Amino acid sequence: MVERNGKGRAFGFRDKLGYLFGDFGNDFTFLLSSSFLLKFYTDVMGVSAAVVGVAMMVARFVDAFTDVAMGRICDRSRIRPAGKFKPWILRMSGPVALASFLIYQSAFAEYSMTFKIIWLFVTYILWGSVFYTSINIPYGSMASAISAEPGDRQSLSTFRSIGGTLAGLIIGAGVPMFAYQSDEAGNLILDGGRFTLIAGIFSGLAVLCYLLCYFLTTERVRAEGAREAGVRDKHNNVFRMLKDAFRNRALISIIVASVFMLLAQLTMQQMANYVYPNFYGNTTAQSVSTIVMVIAMFIAAALAKPAAERFGKAEVSVVANLLAAGVCFLLFLVRPENVWVYVALISLCWLGLGMFSMVNWALITDVIDASELRNGIREDGSVYALYSFARKLGQAAAAGASGGLLTWIGYSEATAFEPEVTRGIFNISTLLPAIGFLLLALILWFWYPLHKKQVEKNVLELKKKRGEHV
């Protein structure tokens, strides 16, 4: 049973703005990690790229347990005055920000390699697998509790993506401007002390954004958990949930799609920190590229909702990812020598990715609705936890592939600017995302079942189930 909270204000811009700030806060630590962790530990701490990739992959295996556990905790939590999910954002905003800052301690650069590797593993797992999980799962699950209307949820998805895009602008454009300096040979290198300071500033901004998310949003759709509904534990355990999940075509297909999406997107973000300073020798272009990316994302935001309403979210996503794949393959083949030609082409890729990003979070709410119709119980937290874990598998794949391939082409502090190595960097940065985007488009078209007509049918069935006016 789902109850509507009849008290308080109606859904509106305040909720959308608050939800925007939630992902703004998330990405002050998440994007810093996904974009610069590999670069910081290879170039400042002197740790092998392969080791960093292994650390990120190990953390994702830990997430297999912590994500699902947090999802179950959310579903079984009592509904408090602030809601079921919001209290976690308030509780965990400080710990996740502090843990992120601890990862980037350049003062330890001269310590033993053993110490640096242990520090990397401990702080990264503490941040990502414990504290980030404990705030991101409730935040993502909260979208379906803010409103039950598909249009409202699409708006939340768009504003969430805008929040992440704004954080990406600050991180992607700001960090290259302030964190690099020239060495004696004129090569651009990452300054560890500056980067540690930047990480501390971003952690403080993350806390501020989380607080704005907490105070601006309202949970209105309140699904009864196991305790309130009187569901016996044996019918509401993890094993039953996993069994249902593996039989759920919509959930499994979106999970696999997300792995390839993150593989493509994060490889582009991580490798930008090697393509611009090492291949092109131009970090100004990297900052400009980030600004162009944000412009492309805002264009995508303006186009996404009307396009999704007319053609369907999955259908729009397929076209968008085919565009991104085509641009990456073109870059691999053309290999432009002029950095500004590269920036112009990569902006088209970000436009395609932006269209998918704007509807991405609405897709998972469609999956939550379909799962409720299938299983007879609404489990926002558990479904979102599995989806979040899939995204972290994509992160692991991107980190493992990028780190392993950088080591394979011979990248190290000593070889970072050798022509053979920089050519390898360019190959990784274009070919790997191209493959990921292409596979993502194929999965969404041929495997994912919740295309426009099915989603509209599910919405009508849920309204009838809840006794709402159709």
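Structure values in brief
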quantity: Dimensionless Rg over Rh [the chain; C-alpha; Kirkwood]; calculated: 0.97
quantity: Estimated [θ] at 222 nm from DSSP helical runs (n ≥ 4, -39500 (n - 2.57)) normalised by residues in the chain, nearest 500; calculated: -26000 deg cm²/dmol
quantity: Cβ crowding within 10 Å averaged over residues, with 318-325, 138-145 ranked highest first; calculated: 138-145, 318-325
quantity: Accessible surface ranking that places the most exposed of Glu456, Glu315, Glu110 first, with a 1.4 angstrom probe; calculated: Glu110, Glu456, Glu315
quantity: Over segment 280-353: Kirkwood hydrodynamic radius from C-alpha pairwise inverse distances, Å; calculated: 13.1 Å
quantity: Sorted peptide list for 258-269, 441-452, 174-185, 363-374, criterion being average Cβ within 10 angstrom, highest first; calculated: 258-269, 363-374, 441-452, 174-185
quantity: Per residue solvent-accessible surface (Å²) - the chain, probe of 1.4 Å; calculated: 39 Å²
quantity: Charge context of Thr165, other residues only, Cβ under 13 angstrom, K/R +1, D/E -1; calculated: -1
quantity: Charge tally in the Cβ shell below 9 Å around Leu393, where Lys, Arg are +1 and Asp, Glu are -1, Leu393 excluded; calculated: +2
quantity: Carbon + sulfur, % of accessible area of the chain - ligands and nucleic acids excluded, 1.4 Å; calculated: 66 percent
quantity: Flagged links, alpha-carbon separation over 21 Å, of Lys86/Lys453; Lys313/Lys457; Lys392/Lys457; Lys313/Lys453; calculated: Lys86/Lys453; Lys392/Lys457
quantity: Within-9-Å neighbourhood charge of Leu262 [Cβ basis; K, R +1; D, E -1]; calculated: +2
quantity: Using a Förster distance of 45 Å, the FRET efficiency for Lys465-Phe332 (Cβ separation, nearest 0.05); calculated: 0.35
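The values are calculated or read from the model by the stated rules, or taken from the named source; none is laboratory data. Predicted model only: the values in this text are computed from it and were never measured. No Cβ is skipped: glycine too gets one built from the backbone with ideal geometry, and neighbour counts run over all protein chains shown. Note: accessible area is taken over every heavy atom of the protein model, side chains too, but ligands, DNA and RNA are not part of it. Shrake-Rupley method; radii C 1.70, N 1.55, O 1.52, S 1.80 Å.
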